[in-house]
Amino acid sequence: MRCRIGFIGLTLLLAWSAGSFAQLPDPTAADEKLLQAAKLKTDAASLLEFFRQRTMPNNEREKYRTYVKQLGSDVFRLREQAMNELVKRGVVVVELLREALRDADLEVARRAERCIQRIQEKDVGGEVPAAAARLLAWHKPAGAVETMLAYFPFADNEQTADEARNLFASLALKDGKPHPALTTALQDKLPARRGAAGEALAKGGGPAERALAKKLLYDADSLERLR
């Protein structure tokens, strides 16, 4: 009888446990819902492409600086062409356009302001990039660290930057060794990338990785030394 009661109790316990696990909330559900509301896909490949589109490669920068200068062209058609190209490129050129708001040429400043307004009107909400970064950290696809390091200086807001830092820390080690993209970024010319890489290796690595990050205590940039 005792064995039978024990067996029944064990069965009930297992059934209860299975039901409890089934009721655990999906940690990605809210972020997926947010991206779907913004009409964005939530698979890993689409998330990587989302951040690539919000990143300006070095070889594009001068091209879009030229378009910003072209906002003050004497030819109306060229001014309109420049606006269309800048708006089409999206949020990644906002940094250049904000610089142009202080341009001595009032036509450049006025058109730069209009470009920013049009870009912000068609862009996703401020919470979406952070949600996308959390989903990317959850999926952990190949290329996530490299893609987010390229994007990091263009982070939409500090919340998104923090989520990127969390991603770097969670993926700091690859096959038991420091992620090569992070160790390379320790020498990056941009302080933001150096600091993010050092912080990730210090948080997500062991003694050897913290020794690598320790070199940033002597970095030329005070903010990155603090991080």
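Using a Gaussian network model of the chain with C-alpha springs under 10 Å, which one of Asp156, Asp123, Asp175 is most mobile by mean-square fluctuation?
Highest fluctuation among the options: Asp175.
How large is ³J(HN,Hα), in whole Hz, for each residue of segment 69-79 in order, when computed from phi with the Karplus curve 6.51 cos²θ - 1.76 cosθ + 1.60 and θ = phi - 60°, using x for Gly and Pro?
Values per residue, Gly and Pro as x: 4, 5, 4, x, 4, 6, 9, 4, 4, 6, 5 Hz.
Using only DSSP helix segments of four residues or longer, with each worth -39500 (n - 2.57), what per-residue ellipticity at 222 nm results for the chain after dividing by its residue count and rounding to 500?
Details: 14 runs with 157 residues, N = 227.
Dividing the helical sum by the residues of the chain leaves -21000 deg cm²/dmol.
With a/c under 1.5 counting as rounded, go ahead and sort segment 82-227 into rounded, prolate or oblate using the C-alpha gyration tensor (a ≥ b ≥ c being the square roots of the eigenvalues; past the cut-off, prolate if a/b is larger than b/c, else oblate). Please report the intermediate quantities before stating the final value.
Values: a/c = 3.09, a/b = 1.83, b/c = 1.68.
Taking the square roots of the gyration eigenvalues as a ≥ b ≥ c, segment 82-227 is prolate.
Please get the size of the charge dipole for the chain, origin at its Cα centre, with Cβ charges of +1 on Lys and Arg and -1 on Asp and Glu, quoted in debye to the nearest 20.
On the way: 36 positive and 31 negative charges, 94 e Å.
Dipole about the Cα centre, nearest 20: 460 debye.
Against the globular-protein guess of 2.2 N^0.38 Å, express the Cα radius of gyration of segment 144-217 as a ratio, rounded to two decimals. Write out the running numbers ahead of the final one.
Numbers: Rg = 11.0 Å, N = 74, 2.2 N^0.38 = 11.3 Å.
Normalised by 2.2 N^0.38 Å, the Cα Rg of segment 144-217 equals 0.97.
For the chain, give the percent of accessible area contributed by carbon and sulfur heavy atoms, probe 1.4 Å, rounded to a whole number. Don't skip to the end; give the middle numbers.
Details: 7630 of 13580 Å².
For the chain, the apolar C and S fraction of the accessible surface comes to 56 percent.
Mind listing the long-range amide H neighbours of Lys174? Cut-off is under 5 Å, sequence gap 5 or more, other chains count too, H placed in the peptide plane at 1.01 Å from N.
Those qualifying (amide H under 5 Å, at least 5 residues apart or on another chain) are His179.
So what is the relative contact order for segment 167-210, in percent, with contacts set as C-alpha pairs under 8 Å and at least six apart? Don't jump to the answer; show the numbers that get you there.
On the way: 48 pairs, mean separation 19.6, N = 44.
44 percent.
How much length, in nm to one decimal, is gained on full extension between Glu99 and Leu190, taken as 0.36 nm per residue of separation minus their Cα-Cα distance?
On the way: separation 91, 0.36 × 91 = 32.76 nm, distance 1.84 nm.
Between Glu99 and Leu190, full extension yields 30.9 nm more.
Give the relative contact order (percent, whole number) for the chain; include only Cα pairs under 8 Å separated by 6+ residues.
Details: 245 pairs, mean separation 36.0, N = 227.
Once divided by the residue count of the chain, the mean separation gives 16 percent.
How many angstrom lie between the Cα centre of segment 60-126 and the Cα centre of segment 178-227?
Here the answer is 34 Å between Cα centres.
Where a ≥ b ≥ c are the square roots of the eigenvalues of the C-alpha gyration tensor, would you call segment 66-119 rounded, which needs a/c under 1.5, or, failing that, prolate if a/b is larger than b/c, or oblate? If you can, show how the numbers build up before the last one.
Numbers: a/c = 1.84, a/b = 1.16, b/c = 1.59.
Since a/c reaches 1.5 but b/c is at least a/b, the shape of segment 66-119 is classed as oblate.
So the label point goes 7 Å from the Cα of Asp74 along Cα→C-beta, right? Which residues of segment 89-119 then have their backbone N under 18 Å from it?
Only 105-108 pass the distance filter.
Just the number please: accessible area per residue for segment 43-106, 1.4 Å probe, all protein chains included, in Å².
Values: 3710 Å² over 64 residues.
About 58 Å² of surface per residue is accessible.
Relative to the Cα centre, what is the charge dipole magnitude of segment 84-179, using +1 at the beta carbon of each Lys and Arg, -1 at the beta carbon of each Asp and Glu, and rounding to the nearest 20 debye?
On the way: 14 positive and 16 negative charges, 52 e Å.
For this selection, approximately 240 debye.
Taking the dipole about the Cα centre of the chain, with the C-beta of Lys and Arg at +1 and of Asp and Glu at -1, give me whichever of Leu190, Ala142, Thr66 is farthest to the positive side.
Ala142
Please build a GNM for the chain, connecting alpha carbons under 10 Å apart, and tell me which residue among Gly176, Gly72, Gly206 fluctuates the most.
Ranking Gly176, Gly72, Gly206 by mean-square fluctuation puts Gly176 first.
Relative contact order of segment 41-175: what whole-number percent is it, with Cα pairs under 8 angstrom and at least 6 residues apart?
Numbers: 134 pairs, mean separation 38.9, N = 135.
Normalised by residue count, the contact order of segment 41-175 is 29 percent.
What shape does segment 42-140 have by the C-alpha gyration tensor, where a ≥ b ≥ c are the square roots of the eigenvalues, rounded means a/c under 1.5, and otherwise prolate means a/b greater than b/c and oblate the rest? Before the final figure, lay out each step's value.
On the way: a/c = 2.83, a/b = 2.33, b/c = 1.22.
Prolate, since a/c reaches 1.5 and a/b exceeds b/c.
The values are calculated or read from the model by the stated rules, or taken from the named source; none is laboratory data. Fair warning: this is a prediction, and the values are worked out from it, not measured in the lab. When we count neighbours, we look across all protein chains shown, and the Cβ atoms used for this are built from the backbone with ideal geometry, even at glycine. Heavy atoms of the whole protein, side chains included, go into the accessibility calculation; ligands, DNA and RNA do not. Shrake-Rupley method; radii C 1.70, N 1.55, O 1.52, S 1.80 Å.
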